[in-house]
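Every number in this text was worked out from the coordinates using simple rules, so none of it is lab data. Treat the numbers as computed from the prediction; the structure is a model and nothing was measured.
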Amino acid sequence: MPVKGKVFKACRRCRALVSRDAIECPICGSRDFSDEWEGVVIIIDPERSEIAKMLGIEKPGRYAIKVA
Ligand SMILES: [Zn+2]
């Protein structure tokens, strides 16, 4: 049964949201993912984004705010 709503899983190392069938994180190369995450933030320009600085995000992309 497909899980409704969660089409993404979150990288535990950098919090990037990737498709559930991805093998490794396109941002940091980690293979450690979590299905338990909350909130989505889309970073377009990490150098100018306060949220990106707060979360320690250095590359543009889609990230989870909280990863369990
Ligand atoms: Zn990652």
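The table below gives the values:
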quantity: Potential lengthening between residue 36 and residue 21 on full extension [0.36 nm per residue; Cα-Cα distance subtracted]; calculated: 3.8 nm
quantity: Alpha-carbon Debye profile of the chain, log10 I(q)/I(0) at 0.17, 0.19, 0.25, 0.26 Å⁻¹; calculated: -0.54, -0.67, -1.08, -1.15
quantity: Integer Hz, Karplus 6.51/-1.76/1.60 couplings in order for segment 44-61, x for Gly and Pro; calculated: 9, 10, x, 6, 10, 9, 5, 5, 4, 5, 4, 8, x, 8, 10, 10, x, x
quantity: Cross-link partners of residue 9 among aspartates and glutamates (Cα-Cα below 18 Å; sequence separation of 8 or more within a chain); calculated: 21, 24, 32, 35, 36, 38
quantity: Rounded to whole Hz, the Karplus (6.51, -1.76, 1.60) HN-Hα couplings of segment 7-13, x for glycine and proline; calculated: 8, 10, 10, 10, 6, 6, 7
quantity: Amide H within-cut-off set for residue 33, under 5 Å, with H built and near neighbours excluded; calculated: 12
